[in-house]
Structures are given as C-alpha cells and as structure tokens.
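First the structure, in the form of structure tokens, and then the observations on it.
No value in this document is a laboratory result; all are computed from the given coordinates. All of these numbers come straight from a predicted model, not from anything done at the bench.
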Amino acid sequence: MPARDSTRPLAGLQILVVEDHADSRDFLEEILTYYGAAVVAAASATEAMQIVARVTPSIVIADVAMPYHDGVWLLKELRQHQAVTGQYVPVVALTASVSRPLKVDFDAVLIKPCPIEKVCRVIQRLTDVAPPQPQKRRA
C-alpha cells in the first residue's frame with residue numbers, strides 16, 4: 001500500500017460508498033477521491049452487494065436509511081459474504097437519525113452532517129494495518 005501523507009491520507013484505500021441520495025453520494029465520492037482513495041459508489045444496498053461480489057473494498061461507508069434494503073440489511077449481507085470469503089471489511093454507518101440509536105454491529109457510526117475530517121479519521125482508524133514488527137537479529 002502506498003504511504004499515506006497529510007495531503008492524501010486515504011491513498012491506497014478502496015472505499016465503497018453506498019448512498020441513495022445522488023448529491024451526497026457524489027460529494028463523498030469526490031472528497032474521498034481528493035484525499036487519495038479509489039472510490040466505488042453504489043446507489044443502493046443491492047447494487048453494493050453486486051459490487052462486493054466482484055471487488056473487496058478496504059472499507060464500506062453506507063447510509064442507514066435507504067429504500068428497499070437499508071444499511072442494516074447491507075451490514076448483515078456483507079457479514080454473511082465475509083464469513084464465506086474470510087475477508088473482514090469494516091463498515092461505517094451514516095445516519096441522520098440521532099433519536100434512534102443503532103443496536104447493530106457497525107464498526108463506526110457517523111451522524112450526518114459529519115465533517116469530512118472526522119470521516120477521514122474514522123476511515124484511517126478502521127483501515128490502519130498494525131505496524132510491522134521489527135525482525136530479530138540472528139547472532
């Protein structure tokens with residue numbers, strides 16, 4: 001993975017954005033790309049699962065309140081898919097509802113509107129790989 005720097009802190013990450021509102025989806029795609037991520041966007045949970053069948057993203061950012069299948073449905077489908085593939089992918093919920101707490105195992109929950117700096121920090125925290133361990137010298 002390319003080194004991350006302060007101007008492109010998301011370099012090397014592939015982010016799946018799942019948002020049914022086109023303006024919000026376009027904004028997230030544009031700003032996350034600006035910060036260095038390769039972004040794939042989906043307008044629905046069903047579309048997101050079709051993408052995941054072909055590509056394993058570094059992280060998924062999903063709106064919770066979507067028509068037909070919501071973000072909670074998507075999380076359950078992703079976890080079932082990951083149980084088969086053995087590849088864990090963090091999932092971040094985006095929600096505008098502060099009155100109804102989520103009782104689901106998202107890796108993080110962000111309340112809309114959320115400053116992009118906070119979105120980036122959460123993505124970095126959830127995708128950072130443990131630093132390499134120093135190798136022991138042989139005598």
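Oblate is the label for segment 23-90, because the ratio a/c of its alpha-carbon gyration tensor axes (a ≥ b ≥ c) is 1.5 or higher and a/b is not greater than b/c.
Could you give the length gained by full extension between residue 128 and residue 43, i.e. 0.36 nm per residue of separation minus their alpha carbon distance, to one decimal place?
Values: separation 85, 0.36 × 85 = 30.60 nm, distance 2.68 nm.
This chain segment gains 27.9 nm when fully extended.
Residues in segment 108-120 carry Karplus couplings, in order, of 7, 10, 10, 8, 7, x, 10, x, 4, 4, 5, 4, 4 Hz; the curve used is 6.51 cos²θ - 1.76 cosθ + 1.60 with θ = phi - 60°, and Gly or Pro positions show x. Note down the relative contact order for segment 14-127 as a percent, whole number, built from C-alpha pairs under 8 angstrom at least six residues apart. Relative contact order for segment 14-127 comes out at 23 percent.
Applied to segment 7-14, the Karplus parametrisation 6.51 cos²θ - 1.76 cosθ + 1.60 on θ = phi - 60° returns per-residue 3J(HN,Hα) values of 8, 9, x, 9, 4, x, 9, 10 Hz, with x for Gly and Pro. For residue 61, nonlocal amide neighbours, meaning residues 5 or more places apart or on other chains whose placed amide H falls under 5 Å from its own, are 16, 17, 18, 92.
Taken over the alpha carbons of segment 14-127 as equal point scatterers, the Debye sum produces base-10 log I(q)/I(0) values at 0.10, 0.11, 0.21, 0.24 Å⁻¹ of -0.24, -0.30, -1.22, -1.67.
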